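In what follows, a structure is listed as structure tokens, so that the remarks can point back to it.
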Amino acid sequence: MIVAAALPLIAEYGAAVTTARIARAAGIGEATVFRVFKDKDDVLDACLATATDPAHVLRELAAIPLDEPLADRLVQAAEAMWAHLARLGAVVGTLHASGHRGGERGARKPDPGRREAAMAALRDGVAELIEPDRAALRCDPGKLAALFVGTLFVHRHPAGDGAEISAAELVDVLLHGALSDPGALSDPGTLSDPGARSDPGTPPEPGTRPESGGTR
């Protein structure tokens, strides 16, 4: 209750928020705050840990109906994850800007593997959303989920003309590609058959000639 009341205040005021203000928002006396937490820094560290915890967004991903079209599922997933990143950025950014560094006193030192575990959990949650359409995909749902999550984390920024990329636009490109007509390319390269060409840097076997497109 205290942490939930404190999070929006921290996003607005950063480390300058007072425990009295937090207590009023939580509907409790300030003394109750100090029965739960040692001091204000302890409250801030708890809020930072909650903001970085992916549990809330994982519950939202699990609540997306699997009988909806894949594109709709992924749009909902993108919006839920962007909302999570916005909350995380607001709390972490404001705290850091106001001089608070979580765990400085050793009370809550970050687990080195926590971020990796959170990313893995998000990828797994998205892969479960994709799994019902495995037969229609060109790649494994886990690989597509990793691409989806990675793209979400770096492409929320405005496009070159200042317009934001919407979740629907991102999902459309992910599922259907950026080309309106792949056959219009003068040299489609490996797009038509990703496994057709080997690594161009692999040298030929001894005693053989490199293959060429012409005839002798």
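Per-structure values
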item: Verdict on THR50 being of a type in the set (Ser, Thr, Tyr), open to solvent by 60 Å² or more (accessible area, probe 1.4 Å) and without any contact (Cβ under 8 Å) to a residue 60 or more places away in the chain; result: yes
item: Qualifying residue in the stretch 21-28 (condition: under 30 Å from LEU175 (Cα atoms) and open to solvent by less than 40 Å² (accessible area, probe 1.4 Å)); result: no
item: Entirely in the stretch 1-64, the helices (runs of 4 or more DSSP H) that have 2 or more residues that are among the β-branched types (Val, Ile, Thr); result: 2-13, 19-26, 30-36, 40-52
item: Total residues in the stretch 94-119, condition closer than 17 Å to TYR13 by Cβ, at pLDDT below 85 and open to solvent by less than 60 Å² (accessible area, probe 1.4 Å); result: 4
item: Test: ALA62 is in contact (Cβ under 8 Å) with a residue 60 or more places away in the chain, open to solvent by 70 Å² or more (accessible area, probe 1.4 Å), more than 12 Å from VAL92 (Cα to Cα) and within 28 Å of the chain's Cα centre (by Cα); result: yes
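The values are calculated or read from the model by the stated rules, or taken from the named source; none is laboratory data. Keep in mind that this is a model prediction, so the values were computed, not measured. As a convention, Cβ positions derive from the backbone with ideal geometry for all residues, glycine included, and neighbour counts pool all protein chains shown. Note: accessible area is taken over every heavy atom of the protein model, side chains too, but ligands, DNA and RNA are not part of it. Shrake-Rupley method; radii C 1.70, N 1.55, O 1.52, S 1.80 Å.
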